[in-house]
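Structure, as structure tokens:
The values are calculated or read from the model by the stated rules, or taken from the named source; none is laboratory data. Since the model is a prediction, treat every value here as computed from it, not as a measurement. When we count neighbours, we look across all protein chains shown, and the Cβ atoms used for this are built from the backbone with ideal geometry, even at glycine. Remember, those area values only see protein heavy atoms, side chains included, never the ligands or the DNA or RNA. Shrake-Rupley method; radii C 1.70, N 1.55, O 1.52, S 1.80 Å.
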Amino acid sequence: GIVELLHGDTVRCIVKKKDPISVLPADSSSRVSGLALDYQGNLWITLVIADYRLNVLDAEGNWHYWPFSSAYPIGILIDDYGTKWINNQGQGILVMNESGTLADKSDDQSRTITSDAGNGGLPNNSVLCIEKDLDGAVWVGTSEGAVVFYDPGSIFSSSAPDASCPLVEGYCLLRDQ
């Protein structure tokens with residue numbers, strides 16, 4: 001689960017068996033795979049072996065969840081646009097944006113980014129890490145190298161560009177590394 005600490009002392013357990021985030025009955029603990037705070041102070045949590053794999057504990061202490069049944073999230077990053085980039089264990093990246101309304105799911109946007117051209121163009125679907133640089137670009141490390149989404153704000157547009165491979169001396173940075 002998750003334990004909140006203040007100066008090394010336990011303040012509270014945030015995710016445990018009695019919380020709304022449910023785990024499989026045979027499981028003895030919540031499998032937290034990623035944490036990220038957004039600009040509104042909401043704590044986004046990804047879980048594996050759970051009914052709801054994307055959850056948020058809002059700044060007021062209320063729980064919200066998204067039932068991505070096919071997702072196996074192993075990490076989360078929030079970009080400058082509030083979009084959540086979720087490493088989907090060997091199946092590319094889930095991206096979602098709740099449009100600032102946690103309770104209203106009707107305005108949410110989501111898609112899966114994969115290695116397919118026109119659908120993200122990752123080197124492969126085995127994503128190892130996702131990070132944001134100081135300019136707001138989203139870097140994705142895969143088992144076949146790194147790529148960059150220079151304009152993550154356009155990720156939901158119909159003309160969203162595929163990821164770019166940064167070139168160093170004419171070669172793709174970290175290709176096959």
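What's the number of the only condition in (1) touching a strand residue (DSSP E or B) at 6+ places or on another chain (Cβ under 8 Å); (2) open to solvent by 10 Å² or more (accessible area, probe 1.4 Å); (3) not hydroxyl-bearing (Ser, Thr, Tyr) that Gly61 fails to meet?
For Gly61, the failing item is (1).
Out of all the residues in the range 46-67, which are of a type outside the set (Gly, Ala, Ser) and assigned to a loop (DSSP other than H, G, I, E, B)? Show your work before the answer.
Taking the range 46-67 as the starting set, the residues that turn out to be of a type outside the set (Gly, Ala, Ser) are 46-49, 51-58, 60, 62-67.
If the condition is that a residue be of a type outside the set (Gly, Ala, Ser) and assigned to a loop (DSSP other than H, G, I, E, B), then Ile49, Asp51, Tyr52, Arg53, Asp58, Glu60, Asn62, Pro67 are the ones that fit.
Please find, within the range 54-106, the residue that is farthest from Gly41 (Cα to Cα) out of those that are of a type in the set (Val, Ile, Thr) and in contact with a helix residue (DSSP H, G or I) (Cβ under 9 Å, 6 or more places away or on another chain). If you could, list the steps in order and put the result at the bottom.
Of all residues in the range 54-106, those of a type in the set (Val, Ile, Thr) come to 56, 74, 76, 78, 83, 86, 93, 95, 101.
Now restrict to residues that are in contact with a helix residue (DSSP H, G or I) (Cβ under 9 Å, 6 or more places away or on another chain): 83, 95, 101.
Working: Thr83: 15, Val95: 20, Thr101: 14 Å.
So the residue we want is Val95.
Look at the range 36-45 and say how many of its residues are over 18 Å from Gln109 (Cβ atoms) and either part of a loop (DSSP other than H, G, I, E, B) or open to solvent by less than 20 Å² (accessible area, probe 1.4 Å) (or both). Spell out the reasoning first.
Filtering the range 36-45 for residues over 18 Å from Gln109 (Cβ atoms) gives 37, 41, 43, 45.
Okay, now just the ones that are also either part of a loop (DSSP other than H, G, I, E, B) or open to solvent by less than 20 Å² (accessible area, probe 1.4 Å) (or both), so 41, 45.
Of the residues in that region, 2 qualify.
Please determine whether any residue of the range 15-35 is at pLDDT below 75, in contact with a Gly (Cβ under 9 Å, 6 or more places away or on another chain) and not in a loop (DSSP other than H, G, I, E, B).
There is at least one residue in the range 15-35 that is at pLDDT below 75, in contact with a Gly (Cβ under 9 Å, 6 or more places away or on another chain) and not in a loop (DSSP other than H, G, I, E, B).
Filter the strands (runs of 3 or more DSSP E) completely within the range 68-165 down to those with at least 2 residues that are β-branched (Val, Ile, Thr) and either open to solvent by less than 20 Å² (accessible area, probe 1.4 Å) or closer than 22 Å to Leu37 by Cα (or both). Lay out the reasoning, then the answer.
Values: elements: 76-78, 84-87, 93-97, 109-113, 127-132, 138-142, 145-149.
It comes to 76-78, 93-97, 109-113, 127-132, 138-142, 145-149.
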